[in-house]
1. Picking from ARG234, ARG315, ARG367, which is most flexible by a Gaussian network model of the chain using Cα springs under 10 Å?
2. For the chain, what number results from the quotient of the Cα radius of gyration and 2.2 N^0.38 Å?
3. Which part of segment 279-304 falls in the paramagnetic zone of ALA394, meaning amide N under 17 Å from the point 7 Å along Cα-to-beta-carbon?
4. Expressed in nm², what is the orientationally averaged projection area of the convex hull enclosing the Cα positions of segment 40-187?
5. What is the set of long-range amide H partners of GLY52 at a cut-off below 5 Å, with H atoms built 1.01 Å from backbone N?
6. Just to confirm a number: summing +1 for Lys and Arg and -1 for Asp and Glu over residues other than PRO80 whose beta-carbon lies under 9 angstrom from that of PRO80, what do you get?
7. For segment 4-103, what is the Kirkwood hydrodynamic radius in Å, using each pair of distinct C-alpha atoms?
8. Let me have the 222 nm mean residue ellipticity of the chain computed from DSSP H runs of 4+ only, each contributing -39500 (n - 2.57), with the sum over all residues rounded to the nearest 500.
Amino acid sequence: MIESLLVANRGEIARRIIRTARDLGIRTIAVYSEADAELPFVREADEAVCVGPASPAHSYRNTEAILDAAKQTGAQAIHPGYGFLSENADFARTVVEHGLIWVGPGPDAINAMGDKINARNLMAAAGVPVAPGTADPAATVEDALAAAQEIGFPVMVKAAAGGGGMGMAVAEDAAQLNEQYEKVRGFAERMFGDGSVLIERYYPRVRHVEVQILGLADGTVIALGERECSVQRRNQKLVEESPSPALTPEQRERLLAAAVRAGEAVGYRNAGTVECLFDPATGDFFFLEMNTRLQVEHPVTEAVFGIDLVEAQLRVAAGLPVQFDPAALTSRGHAIELRVNAEDPKRFLPGPGAIKTWVEPTGEGVRVDSGYAEGNVVTPNYDSLMAKVIVYGADRAEAIIKAKEAVAAFELVGPKNNLPFFAELMDNAEFISGDYDTAIVSRMR
């Protein structure tokens, strides 16, 4: 097993990784920015190194500072968490070249799936269903218009190098496509350094369903069930649950098999997620993207399968077998995750600030992965996620009741937060029925 681990991330995911590593007897090293010096993950690690000022570019994305911290502390491995450098193939390659263990898929797999157009083409070749769209970047707005005429409006305009719901816009007609193409391309150039644009069929009523895959050290790729992620604002997830209430057993079997093929097509190792769009009207699903890292919502999979995905990541990275029998794993019960963000519950605009009161809910079947504590300050420098509330019940109805109780019990004063939205959602008839889609939040607002 790995003996020392540097966690190249912050907040709740850094604490999450540190917790498992410590349980395994692994020495942990945190890296932190000047803005995060007082956060819990810094003091919970065995060692901590400041890697720069608040700006992510000068701290959490500062590859030189992070590698220096690894050398300084004698770290044997680096876990990137999610976001920041987690899907940076160049960084992964540099980590390996420095003789360190990278806790994630290989650089080639990250590269292959990092470009949405390349990923689409790879998946299509592997027999994974993809939505109608361009096989090559739309180099000009004229190319985009020609593709849209062939695909049929409405279309989704997407940054080929994007991820996490960023760099996407819907065009209902040619006039909107003219406008959105330039916006998406400009955004992609600024954010990702790559202005390549993909045009894809847009489905107005669709569900977002993803599959957790795990590439084992022996080369086997397994699927650990699916997660429903259709409660979203601005194409970014707020609530996830497992299993999806939308799928029949036959649809689930097809989806999981396709996800395994996706992983096998790129020789996938470690944890990853195959994201798909599911059309409830036809029962068809389409590949959306592959996230070559641990997902924010991984705890719902852990809850229904009774496993620790971070431990599995560490074991695979060390070349060891996992501690469970993949052939005997079964999903039991139902789990729901709520992302508690520092944002107002109506317009979902960021609302950072000092935390005056922070009392987490407790009880059987309730888990909270948090990045903050009372007295900390949520700054505007990073993502607004403060904590994740994960509940588990024998069935979906029980999980919803537990989620409602946990939201009511969470005492949070200071930053604006979306707990009132979750209270509303848990009473929403459409959500309770399980028959909802990615537009549910807009209908509530």
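A short reminder: the numbers here are calculations on the coordinates, not readings from a lab. No experiment lies behind these values; they were computed from the predicted model shown. No Cβ is skipped: glycine too gets one built from the backbone with ideal geometry, and neighbour counts run over all protein chains shown.
1. Result for the chain, Cα springs under 10 Å: ARG234 fluctuates most.
2. 0.94
3. Label zone hits: 304.
4. Taking a quarter of the hull surface, the average projection is 11.3 nm².
5. GLU34
6. Net local charge, PRO80 excluded: 0.
7. 13.0
8. Dividing the helical sum by the residues of the chain leaves -10000 deg cm²/dmol.
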